[in-house]
Amino acid sequence: MIKTLHQYPGLANPQLRPRYAGVATFFRTPLRDDAQDVDIGVIGIPFDGGVTHRTGARHGPRAVRDQSTLIRRVHQATGVAPFDGLTVADLGDAWLERPYELQGALREIEEFFGTVHAAGTVPLSVGGDHSVTLPVLRAIARDRPVGLVHIDAHCDTGDDYLGSRFHHGAPFRRAAEEGLIDPRRTIQIGIRGSVNDPAMWQFSQDSGMRVVYIEEFDDKGWQWAAEEARRVVGDGPAYLSFDVDGLDPVFAPGTGTPESGGISMREAQRFLRALEGMDFIGGDVVEVSPPFDPSGVTAMNAANILFEILCLLSTSLRRRR
Ligand code: MN
Ligand code: MN
């Protein structure tokens, strides 16, 4: 120990340190390299080898760690205190030894999350581009398909693109084909933007996913959307995947494939809070690309979305125990 602390003997509690001090971890939780006895592990996935347009999401985890240092212990609106009685830790970044080889990298991510899952730890991740959700699902949903709440401007149920079946526009088609998600218990919210082909997201419709385009969300509102998500996904285990490009570019300019006319940050927060009580077994926030956002507002909003998801995961976990 370089310095013996007198005034803050409880330094082990990161909330007692000045929040601008020290090495930034997610929510200032302790950095651990072992998932054993960790209830919820927050994990960075610095990989953007699956983007089809602007890069930079590999820098997402660091930026979100930095912005998450302002987030406090208790959710002011719901009263949920995700750190109380649960061990929440920053498990570092999914280790990538072959970051330039797409399918190899996806296998490495799957292996990392397989270890986390085997320890009984609930994963909450920060991407990375959206291709990383597929290996996370492969690790935690291989025994049975799970439900999915998916916020995004894009359905991400595309197919082969420029010779690859694996990229950030296809994870949920692959996940459905591999039996990792149940399309009939899947809802996709915030969909918009121009398409190359009117049938670009036909797989979502054909497989039975509930697709909520931004117009329907706009007409009916966040409260209706949350009720619809509950109806579609039901009480069974579910995963929550939040692509920041689901937000309007005003709130999230730092992303690879921005689409005008999206969900506001306030709508997103109210929507997520209204999902409390559903059985979430994992979640992620993806597509934060800091190089396209010198203001840092994208990472700040992503950190706040991450906290909303952390609260949902903590409530679900307590309920299961
Ligand atoms: Mn996406
Ligand atoms: Mn997207």
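The values are calculated or read from the model by the stated rules, or taken from the named source; none is laboratory data. Fair warning: this is a prediction, and the values are worked out from it, not measured in the lab. Note that each Cβ is placed from the backbone with ideal geometry, even for glycine, and that neighbours are counted across all protein chains shown. Areas reflect the complete protein model, heavy atoms only, side chains present, ligands, DNA and RNA absent. Shrake-Rupley method; radii C 1.70, N 1.55, O 1.52, S 1.80 Å.
How about segment 134-169: which of its residues are in contact with an Asp or Glu (Cβ under 8 Å, 6 or more places away or on another chain), within 11 Å of ligand 2 (Cβ to nearest atom) and either more than 30 Å from residue 68 (Cα to Cα) or open to solvent by less than 10 Å² (accessible area, probe 1.4 Å) (or both)? Residues satisfying the conditions are 150, 151, 152, 153, 156. Take the conditions assigned to a helix (DSSP H, G or I), touching a residue at least 60 places away in the same chain (Cβ under 8 Å), of a type in the set (Gly, Ala, Ser) and open to solvent by less than 10 Å² (accessible area, probe 1.4 Å) and apply them to residue 238. Does it pass? When the stated conditions are applied, residue 238 does not pass them. Within segment 124-163, restricting attention to residues that are more than 16 Å from ligand 1 (Cβ to nearest atom) and in contact with a Leu (Cβ under 8 Å, 6 or more places away or on another chain), the residue that is modelled with the lowest pLDDT is 142. For segment 62-72, does any single residue satisfy the condition of being open to solvent by 80 Å² or more (accessible area, probe 1.4 Å), without any contact (Cβ under 8 Å) to a residue 40 or more places away in the chain, over 17 Å from residue 309 (Cα atoms) and not polar (S, T, N, Q)? Within segment 62-72, none of the residues are open to solvent by 80 Å² or more (accessible area, probe 1.4 Å), without any contact (Cβ under 8 Å) to a residue 40 or more places away in the chain, over 17 Å from residue 309 (Cα atoms) and not polar (S, T, N, Q).
Residue by residue, here is whether (1) within 17 Å of the chain's Cα centre (by Cα); (2) among the small types (Gly, Ala, Ser); (3) within 16 Å of ligand 2 (Cβ to nearest atom) holds:
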position: 217; (1), (2), (3): no, no, yes
position: 269; (1), (2), (3): yes, no, no
position: 277; (1), (2), (3): no, yes, no
position: 280; (1), (2), (3): yes, no, no
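Within segment 267-292, the set of residues being open to solvent by 10 Å² or more (accessible area, probe 1.4 Å) and polar (S, T, N, Q) comprises just one member, 269. Residues that are at pLDDT 95 or above, among the β-branched types (Val, Ile, Thr) and crowded, with 20+ Cβ neighbours inside 10 Å: does segment 202-212 have at least one? So far as segment 202-212 goes, yes, one or more of its residues are at pLDDT 95 or above, among the β-branched types (Val, Ile, Thr) and crowded, with 20+ Cβ neighbours inside 10 Å. Taking segment 73-98 as the range and being assigned to a loop (DSSP other than H, G, I, E, B), surrounded by 14 or more Cβ atoms within 10 Å (Cβ to Cβ) and of a type outside the set (Val, Ile, Thr) as the test, the residues that pass are 75, 81, 82, 83, 86, 94, 96. Scanning segment 241-266 for residues that are surrounded by 21 or more Cβ atoms within 10 Å (Cβ to Cβ), part of a helix (DSSP H, G or I) and not β-branched (Val, Ile, Thr) yields 245, 246.
In this entry, residue 192 is excluded by the filter for residues that are of a type in the set (Lys, Arg) and open to solvent by 40 Å² or more (accessible area, probe 1.4 Å).
Tell me, yes or no, whether segment 101-118 has at least one residue that is in a loop (DSSP other than H, G, I, E, B), open to solvent by 20 Å² or more (accessible area, probe 1.4 Å) and either free of Cβ contacts under 8 Å to residues at least 40 places away in the same chain or over 24 Å from residue 275 (Cα atoms) (or both). Within segment 101-118, one or more residues are in a loop (DSSP other than H, G, I, E, B), open to solvent by 20 Å² or more (accessible area, probe 1.4 Å) and either free of Cβ contacts under 8 Å to residues at least 40 places away in the same chain or over 24 Å from residue 275 (Cα atoms) (or both). Quick one: would you say residue 232 is in a helix (DSSP H, G or I), in contact with a strand residue (DSSP E or B) (Cβ under 9 Å, 6 or more places away or on another chain) and not hydroxyl-bearing (Ser, Thr, Tyr)? Spelling it out, residue 232 is indeed in a helix (DSSP H, G or I), in contact with a strand residue (DSSP E or B) (Cβ under 9 Å, 6 or more places away or on another chain) and not hydroxyl-bearing (Ser, Thr, Tyr).
The set of residues in segment 244-259 being within 9 Å of residue 153 (Cβ to Cβ) and aliphatic (A, V, I, L, M) consists of 247 alone.
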